[in-house]
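Here's the structure, in structure tokens; my notes come after.
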Amino acid sequence: MRRLQPVRGTHDILPEDGLKQRHVMETARKLAERYGFAEISTPIFEFTEVFQRTLGETSDVVTKEMYTFKDRGGDEITLRPEYTAGIARAVVSGGLGRQLPLRFFAHGPMFRYERPQRGRLRQFHQIDVEIIGVAEPQADIEVISLGADILEALGVLGSTELEINSLGDAESRLAYRDALVTYFSVHRDGLSAESQERLKRNPMRILDSKDEGDRVLVAKAPRMEDFLNEESSALFDAVLSGLDVLGVRYRKNPHLVRGLDYYSHTAFEFVTRELGAQGAVIAGGRYDGLMETMGGPPTPAIGWAGGIERLAMLAVGVPDAPRPIALVPVGDDVQDAAMQLARDLRHSGFVVDLGYRGNVTRRMRRADRIGARVALFLGENELERDVVTLRDLDSGRQQELARNALETALKSLE
RNA sequence: GCGGGUGUAGCUCAGUUGGUUAGAGCACCAGAUUGUGGAUCUGGGGGCCGUGGGUUCGCAUCCCAUCACUCGCCCCA
């Protein structure tokens, strides 16, 4: 161990951030539930081939970002870099394919060996939704509209933009890919070094290059739209008009492509400019070929993933933790009675903070610091008469209450 | 993986051309106030100046390396 610090790109999530992240996750879960999604959770590691086969041998994730190791039994294991492959595997290996359509919500940690920066971590957390077994555009529309609803609820929809494109089915994409290779091969010398490499490995990635020279060439490159076959093009149109019906705003971006091989047809990203180099807060698309790659029957599917840390950084209106009741025992002989009262109140659903030490001044200071709503004084004085002194810490007003009237009084506070 | 910037107290930051014991505000602790918080006043604790090496009589300060963060590329959530 070099020094006592977390591994590069990992962080301890302290309570303040934890609260925000939990809010993101719970908001997403609640809304996903309304759309009829059921929560699923799959292991955070899988056999390496689960990702290798499905994400594509040439994708960046597979070639240089996976946390892969051999376990003690000699199996090749990989910490999941994304959720979809694991869920697809669960559907195939659990025989869930008989119960289509399936709608899943999931969340949890992901791992990618990347260079960390703002909004980019080696262990990060995602929320994830998938609709499996629906070829109809309604699934695309529903999944996107769920994403928009979640962003809206988090107060970040206004600072994001939905970009959308269609990659078409396999036939359309192959035809387009050929056309792109032909076009860019002619202009090869005008391409950046990186894009010349992309031309060999993943020509569609040239489309979203940020290099000035590349962009000039890209602007005149063949357009995906012109290569969509009738079926692909009809699906895309249906998705867009569905979004129009629901009032979900979007911008067609013909240069939006995907890093992972399994995507087809609809591809979309909710992007923001407020996170530096990291644009996407939610990204996803259709992956009709994935289940088959996994060894299951051909099964259409669509889904997206959202970055919890990124969303938490943007979210507004995160609710505060509930304000506790500070219980202040006065004198040494009332400790037991105070513990008992604290437990009774907790059983009734109240959040109670029982200071552990110090005189009354000190405990009151603590009560103030933790944002307590009220303080309850319990001393010999009160104990003898079966009452409690309740001090409202906002107004400063104080009153004595019979023990059996206490909970009613506390409930009326809010 | 490539290039730039920044690392001084828990936090935000000062710190002179290299010179004695490294400072401030906030936060924290104690007291004024041992049955009453916030405000105020008084006092206090806290720093291998990110880490390692080098230069120097002497570095927080100059040089090199390294680690972390950060910005861009790459990639994406």
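Just so it is clear, none of the values below were taken in a lab; they were calculated from the coordinates. Every value quoted in this text rests on a predicted model; they were computed, and no experiment measured them. Counting neighbours? That spans all protein chains shown, and the Cβs are built from the backbone with ideal geometry, glycine included.
What is the helix-to-structure angle for A:230-246, meaning the angle in degrees between its Cα long axis and the longest Cα principal axis of chain A, kept from 0 to 90 and rounded to the nearest 10? For helix A:230-246, the angle is close to 30 degrees.
Considering only A:LEU383, A:VAL334, A:THR361, and ranking their Cα positions along the charge dipole of region A:325-411 that arises from unit charges at the beta-carbon of Lys, Arg, Asp and Glu, the one farthest toward the positive end is A:THR361. Just name one of A:SER232, A:GLY296, A:LEU154: the one whose Cα is farthest towards the positive end of the charge dipole of chain A (beta-carbon charges, Lys/Arg +1, Asp/Glu -1). Final value for the positive-end residue is A:LEU154.
Structure note, pairs A:LYS30/A:LYS252; A:LYS64/A:LYS210; A:LYS210/A:LYS252; A:LYS20/A:LYS64; A:LYS64/A:LYS200: Cα-Cα distances above 24 angstrom occur for A:LYS30/A:LYS252; A:LYS20/A:LYS64. Calculated mean residue ellipticity, 222 nm, chain A: -11000 deg cm²/dmol, from DSSP H runs (n ≥ 4) at -39500 (n - 2.57) each, averaged per residue and rounded to 500.
In this Cβ point-charge picture (+1 for Lys and Arg, -1 for Asp and Glu), chain A has a dipole of about 1240 debye about its Cα centre. The charge dipole of region A:23-155, taken about its Cα centre with unit charges on the Cβ of Lys, Arg, Asp and Glu (plus for the first two, minus for the last two), comes to roughly 400 debye. Would you work out the relative contact order for region A:325-411, in percent, from Cα pairs under 8 angstrom that are 6 or more residues apart? Relative contact order for region A:325-411 comes out at 29 percent.
Need one word for region A:325-411: rounded, prolate or oblate. Basis is the Cα gyration tensor (sqrt eigenvalues a ≥ b ≥ c); a/c below 1.5 gives rounded, then a/b vs b/c decides. Because its axes are fairly even, with a/c under 1.5, region A:325-411 counts as rounded.
Answer rounded, prolate or oblate for chain A, using the Cα gyration tensor with square roots of eigenvalues a ≥ b ≥ c: rounded when a/c is under 1.5, else prolate when a/b is larger than b/c, else oblate. In terms of gyration-tensor shape, prolate. The alpha carbon gyration tensor of region A:59-161 gives principal lengths a ≥ b ≥ c with a/c of 1.5 or higher and a/b no greater than b/c, which makes the shape oblate. Axis of helix A:335-347 versus longest Cα principal axis of chain A: the two differ by about 40°, to the nearest ten degrees.
Sequence-distant contacts, meaning Cα pairs under 8 Å at least 6 residues apart, place the relative contact order of region A:13-105 at 33 percent.
Centre-to-centre, using Cα atoms only, region A:64-113 and region A:159-209 are separated by 28 Å.
Each residue in A:TYR287, A:TYR263, A:TYR183 was given a count of other beta-carbon atoms within 10 angstrom of its own, and listing them fewest first yields A:TYR183, A:TYR263, A:TYR287. As a calculated quantity, the FRET efficiency between A:ASP71 and A:TYR35 at R0 = 41 Å, using C-beta atoms, amounts to about 0.65.
The mean sequence distance of close C-alpha pairs (under 8 Å, at least 6 residues apart), as a share of the length of chain A, puts its relative contact order at 16 percent. Dipole magnitude for region A:325-411: about 480 debye, using +1 per Lys or Arg Cβ and -1 per Asp or Glu Cβ, origin at the Cα centre.
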